[in-house]
Each structure stands twice: as structure tokens, then as C-alpha cells.
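The values are calculated or read from the model by the stated rules, or taken from the named source; none is laboratory data. Just so it is clear, the structure is predicted and the values come from calculations on it, not from any experiment. Reconstructed Cβ throughout: ideal geometry from the backbone, glycine too, with neighbour counts over all protein chains shown.
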Amino acid sequence: MFVDMGYDDAETLDRVEPSWRAYFAEQMPTGVFRVWIAVIEHQIVGCIGLVMHSVPPAMGAHDGRVGYIMNLVIEPDMRRRGIAESLLTHVLGVLREESVSVATLHASREGRRLYEKLGFALRDIAPEMVLRIH
């Protein structure tokens, strides 16, 4: 996934991997981080993750819960078969069932068309800014 997004520094990815593993091991049992896997003929072909954020109540997120969708990844030879849309539609259904009123994600260039098709839009009023501290 990260290589597809332009991160090709294997050394950095290797350094971060233990932190990812620790995060997933800690957060998956609590339900803060959830993952769904697509399997076809006993082979993993894709996955999607969901982080349930707790934020101060705000316009659009009156109860302070936001679902952050991440790591929607499909094996390259399995793309354009509706797998990503099925995974994303399932996660959006989970959010609706749990009455979470806001879902966010960071769109890759390749995924943007699907996200827009399902109703995601860029926020012009508050575009995200990032500062790397270290």
C-alpha cells in the first residue's frame, strides 16, 4: 500500500513496522481499530481499516464520534472488480448501524473516484494541514 502511495523507503517502513504491530495489537481488541479482509478462493485480495475517533462534539459530529477509514488496499491484479467498493460500502454500513454521523479518509489519486461516487467530498472550509515535528 505504501509503495503504491509513493513511499518507497524500505528502511523507514521497516523501522515503523513494530509500532504498527503494537498499535494493532492494542487497539483491535478494544474496537478502536477494526479491519475487514476480502478473500477470494482462499486468498487475501484486499482489506480496509476503520479507526473510531473520539473528538470533541462539533458541527456534523454532534456525539464526538468520527470513523476514519484507512488502508483500503486491493491486490493489483484484483482491482476493478468491485472489491474496494464492497469493502467500503460494508464499512459505511457499520458506521450507519452504530449511528456515527461522520466518516473521513485520505484519498489516493486512484481511489478518489470511488470515494466521490459514494458521496465523499473534499472539505474546502477546513483543508487539513500537517506539520512534521520530528
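The lone criterion from (1) surrounded by 16 or more Cβ atoms within 10 Å (Cβ to Cβ); (2) over 25 Å from Ala22 (Cβ atoms) left unmet by Phe33 is number (2). Of everything in region 33-66 that is modelled with pLDDT of 95 or more and among the β-branched types (Val, Ile, Thr), the residue that is farthest from the chain's Cα centre (by Cα) is Ile40. Within region 34-60, the residues that satisfy the criterion of being small (Gly, Ala, Ser) and farther than 26 Å from Arg80 by Cβ are Ser54, Ala58, Gly60. Tell me whether region 16-33 contains one or more residues that are hydrophobic (A, V, I, L, M, F, W, C), without any contact (Cβ under 8 Å) to a residue 60 or more places away in the chain and either closer than 16 Å to Leu105 by Cα or in contact with a helix residue (DSSP H, G or I) (Cβ under 6 Å, 6 or more places away or on another chain) (or both). Checked region 16-33: at least one residue is hydrophobic (A, V, I, L, M, F, W, C), without any contact (Cβ under 8 Å) to a residue 60 or more places away in the chain and either closer than 16 Å to Leu105 by Cα or in contact with a helix residue (DSSP H, G or I) (Cβ under 6 Å, 6 or more places away or on another chain) (or both).
Could you go through region 49-61 and let me know if any residue there is touching a residue at least 40 places away in the same chain (Cβ under 8 Å), of a type outside the set (Asp, Glu) and loosely packed, with under 14 Cβ neighbours inside 10 Å. Yes, region 49-61 has at least one match. Checking each residue in region 78-125 for being of a type in the set (A, V, I, L, M) and either out of contact with any strand residue (DSSP E or B) (no Cβ under 9 Å at 6 or more places or on another chain) or in a loop (DSSP other than H, G, I, E, B) (or both) picks out Val100, Ala107, Leu118, Ala121, Leu122, Ile125.
Per the conditions (1) over 19 Å from Leu95 (Cβ atoms); (2) touching a Phe, Trp or Tyr at 6+ places or on another chain (Cβ under 6 Å); (3) polar (S, T, N, Q), the sole criterion not satisfied by Ser19 is (2). When the residues of region 62-105 are filtered to those that are surrounded by fewer than 17 Cβ atoms within 10 Å (Cβ to Cβ) and hydrophobic (A, V, I, L, M, F, W, C), the one that is farthest from Gln27 (Cα to Cα) is Met78. The number of residues in region 37-48 that are surrounded by 15 or more Cβ atoms within 10 Å (Cβ to Cβ) and touching a Gly at 6+ places or on another chain (Cβ under 9 Å) comes to 1.
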